[in-house]
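To start, the structure under review is shown below, and the notes come after it.
The values are calculated or read from the model by the stated rules, or taken from the named source; none is laboratory data. What you are looking at is a predicted structure, and each value in this text was computed from that prediction instead of being measured. With ideal geometry, Cβ positions are generated from the backbone for all residues, glycine too; neighbour counts draw on all protein chains shown.
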């Protein structure tokens, strides 16, 4: 599978494996063709030192699989009968599909600022100024002044996704803590059916829309990507893959 980069995330996922996992990201029909590079992924991951380096090897692999699966769902260009299957088409988009909504027309009030459009960009599709501001501060880039940097610089783009992944948003734990075994559910979490595993990561990211509603195509898609990536990484899936019976975080 090619030489592994030394240490960190690069010791788990090589460039050739990355290319295999995100097999069609550079397809000519994908708007993000050529944007999401392995080098940008590794550079951004290494700037968040705990990502993919926490726990034993299986835990590290599951975190990488979970991150790539969730972000692949957010950026997918796949469809049911797509070549190589729908879960080979992650990272096809680098910003919201279609015409992005203008959240900030003639308004200086939340979540707007004059002249800026904080619609979804990057692997995690961060949106709104309450994400762009803290993300930019964390990575040392003025994303409030230049949100398009997330769609124009691949390392910045990946860094915003890792910022979201690694940062708790109370009362939610971070995705990192949830998938790496560092989160212990409270009594309220247990009563709400929120348990450790891949499913609670979906709850953290989009629980208000997708969780606690029984089986639905969005959660199934997230799980499909995760299983494919775990298989390629040679690791088991772990427990509790869905959030069908989990109430969203308050």
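Name the residues in segment 206-226 that are surrounded by fewer than 16 Cβ atoms within 10 Å (Cβ to Cβ) and within 19 Å of residue 79 (Cα to Cα), would you? The answer is 215, 216, 217, 218, 220. One residue stands out in segment 131-162 among those that are in contact with a strand residue (DSSP E or B) (Cβ under 9 Å, 6 or more places away or on another chain) and surrounded by 23 or more Cβ atoms within 10 Å (Cβ to Cβ): the one that is farthest from residue 47 (Cα to Cα), namely 147.
Taken together, the residues in segment 163-173 that are assigned to a loop (DSSP other than H, G, I, E, B) and crowded, with 20+ Cβ neighbours inside 10 Å amount to 1. Which members of segment 195-213 meet the condition of being out of contact with any helix residue (DSSP H, G or I) (no Cβ under 7 Å at 6 or more places or on another chain) and part of a helix (DSSP H, G or I)? Matches in segment 195-213: 199, 203, 206, 207, 208, 209.
Residue-wise test of (1) more than 22 Å from residue 25 (Cβ to Cβ); (2) touching a residue at least 40 places away in the same chain (Cβ under 8 Å); (3) touching a helix residue (DSSP H, G or I) at 6+ places or on another chain (Cβ under 8 Å).
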| site | (1), (2), (3) |
| --- | --- |
| 117 | yes, no, no |
| 123 | no, yes, yes |
| 141 | yes, no, yes |
| 177 | yes, no, no |
| 183 | yes, no, yes |
| 193 | yes, yes, no |
| 215 | yes, no, no |
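Taking the condition over 14 Å from the mean Cα position of the chain (by Cα), crowded, with 18+ Cβ neighbours inside 10 Å and under 24 Å from residue 92 (Cα atoms), does residue 128 pass? In short, no.
Scanning segment 121-130 for residues that are touching a strand residue (DSSP E or B) at 6+ places or on another chain (Cβ under 9 Å) and assigned to a loop (DSSP other than H, G, I, E, B) returns 122, 125, 127.
Counting only residues that are over 16 Å from the mean Cα position of the chain (by Cα), farther than 15 Å from residue 84 by Cα and in contact (Cβ under 8 Å) with a residue 40 or more places away in the chain, segment 217-236 holds 4 of them. Entry remark, segment 18-36: residues being within 17 Å of the chain's Cα centre (by Cα) and more than 17 Å from residue 65 (Cα to Cα) number 2 in total.
Within segment 114-134, can one find any residue that is at positive phi and at pLDDT 95 or above? Within segment 114-134, one or more residues are at positive phi and at pLDDT 95 or above. Of all residues in segment 220-250, those being closer than 16 Å to residue 65 by Cβ and assigned to a helix (DSSP H, G or I) number 13. Across segment 182-194, the number of residues qualifying as surrounded by 16 or more Cβ atoms within 10 Å (Cβ to Cβ) and either part of a loop (DSSP other than H, G, I, E, B) or in contact with a strand residue (DSSP E or B) (Cβ under 6 Å, 6 or more places away or on another chain) (or both) comes to 5.
All of 2, 85 fail the test of being in contact with a helix residue (DSSP H, G or I) (Cβ under 8 Å, 6 or more places away or on another chain) and at pLDDT below 95, apart from 2.
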